[in-house]
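Notes follow the structure.
The values are calculated or read from the model by the stated rules, or taken from the named source; none is laboratory data. Remember, predicted model here, so these are calculated numbers, not experimental data. No Cβ is skipped: glycine too gets one built from the backbone with ideal geometry, and neighbour counts run over all protein chains shown. The accessibility values were calculated without ligands, DNA or RNA, using every heavy atom of the protein model including side chains. Shrake-Rupley method; radii C 1.70, N 1.55, O 1.52, S 1.80 Å.
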Amino acid sequence: MGESSSYRVAGIAIILCLIIAGFITLITSTPQNHDELTKQSQVATRPDASHTQAGTANQSATTRMRVLWYDDAGKTYTFHDYSSPKGVGPDTWREADLPSPENGTLQRKAAMVRFLDWDGSIERMTGTKYLIDQETITSILNSYTLIAPPPAIQTPEVTGTPTIIQPTPDVTPAPGMLIPTCSRPCNLGDGTVRVSFGYINRHNGPVSLAIGDRNYFSPGYPDRGQPASFQPGIHQDIFTVRLPENGTNIAWHLMDTMVGAGQVPRLQAGLIAEPTVGYAPLDVRFSDQSTGGTTDDPLTGSWNFGDGTTAEGTSAFHRYELPGTYESSRIVSTSCGSETAKKTITVNQVSFTAEPVPDRQQTFRFTDRSTGEPTVWAWDFNDGFSSWEKSPVHTWKSPGTYLVGLTVSGKSGSGTTVQRITV
């Protein structure tokens, strides 16, 4: 019985040990299995690597080239958009990468290429290549007529990848991003004023705004030839309007902004010259009296005195040394043209002749030869004697050399001359 009890106790102990060992194994193995399940779940639900890269590529910016084409004969220009060939950017672009103008457009010459990134909502310029000098490009944008690009068509490239010309999108401008401008108003002197209008488009791409309640002129004709398609950037002198001289309230309304020429003075040249008649040497002061300049288009001018000399400035002082008739002029200019005002300057001469009187020693007869119709004569014979006669006779008491002076005056002013007389 004692031995049997010992076996029983030992068996129970072994069973307990087995139970405890199994429980410990279960506890330690369960987390490991959970980790494996978690990893498997993550592998099952994680996007494929190639799928993730494709999604990233779809969200990255696309690149394109915007080419400025122009036509010298027709004085027109346009912008065309092209998708950039693979690997071509501002630093790698060459003239061989320049696409061809499409769809029969007359604009065959390229002025510049802009490189743009488009992320689906914002367009950013990454670089520019100038194919002609920038001064000529500015002249094209300021003086040529902007036309809409042709409809989009596909054009094969040397790589075999088609390039698509993007037409001007029909995008409505945002408030404050499209601003009308006015420049170079000219009063033509016939009761009309010629005004050039342009615009500033702050959007990164072209926008459209049909002629209507947000793109119109008032009062009078709402449509005066203003554009309905607007390219990005600053564009001056896009179209020209002739308005009545008294139509100072006529304005172009674009979005929420309006601009007009207002009152435009007529260009007129004028001058004052004082005096215009006198005896040589004659000092004349000139003053400009021209009108027609504005703050944005000031007057510039020069003087021509009619004797081969000129001067700059708004006033001038000139001496005419020799007698004669001179046509002086004031030439003034603005961007509207030039005008000339003239003034005749008459320079008279004081002169006389002296002839010995026969049979009378040391006696001379003096004859006035002055121009300008003088009415008063004053002679000084340099011996203490004088005369108020027009043509006096004078006798010196002793022979010698005398400086005889004559001063005349009248409606032409006064002048003096001196001659050396040997008696």
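Put simply, when 247-253, 85-91 are sorted by average Cβ atoms within 10 angstrom per residue, most first, you get 247-253, 85-91. Extension gain, ALA96-GLN419: 0.36 nm per intervening residue step, less the Cα-Cα distance, totals 107.7 nm. Contact order, relative form, for region 215-325: 20 percent (alpha carbon pairs under 8 Å, 6 or more residues apart, mean separation divided by residue count).
Accessible area per residue was computed with a 1.4 Å probe on protein heavy atoms; MET65 scores about 0 Å². Annotation: region 314-418 has a Kirkwood hydrodynamic radius of 16.7 angstrom, from the mean reciprocal C-alpha pair distance. Taking a point 7 Å out from the Cα of PHE317 in the direction of its Cβ, none of the residues of region 392-420 has a backbone N less than 16 Å from it. A straight chain from ASP283 to THR367 at 0.36 nm per residue would run longer than the Cα-Cα distance by 27.5 nm. A straight Cα-to-Cα reach below 23 Å connects LYS109 with the lysines LYS75, LYS129, residues fewer than 8 places away in its own chain not being considered. Going by accessible surface with a 1.4 Å probe and the largest first, ILE140, ILE211 read ILE211, ILE140. In a reduced charge model with +1 at each Lys and Arg Cβ and -1 at each Asp and Glu Cβ, region 185-294 shows a dipole moment near 260 debye about its Cα centre. Ordered by solvent-accessible area of protein heavy atoms (1.4 Å probe), largest first, the residues ASP223, ASP256, ASP237 come out as ASP256, ASP223, ASP237. Using a simple spin-label model with pseudo-atoms 7 Å out from Cα toward Cβ, THR276 and GLU327 lie 1.5 nm apart.
Computed on protein heavy atoms with a 1.4 Å probe, the accessible areas place TRP303, TRP377 in the order TRP377, TRP303, largest first. Placing unit charges on the Cβ atoms of the charged side chains and taking the dipole of region 269-423 about its Cα centre, the candidate lying farthest along the positive direction among SER329, VAL418, THR309 is VAL418.
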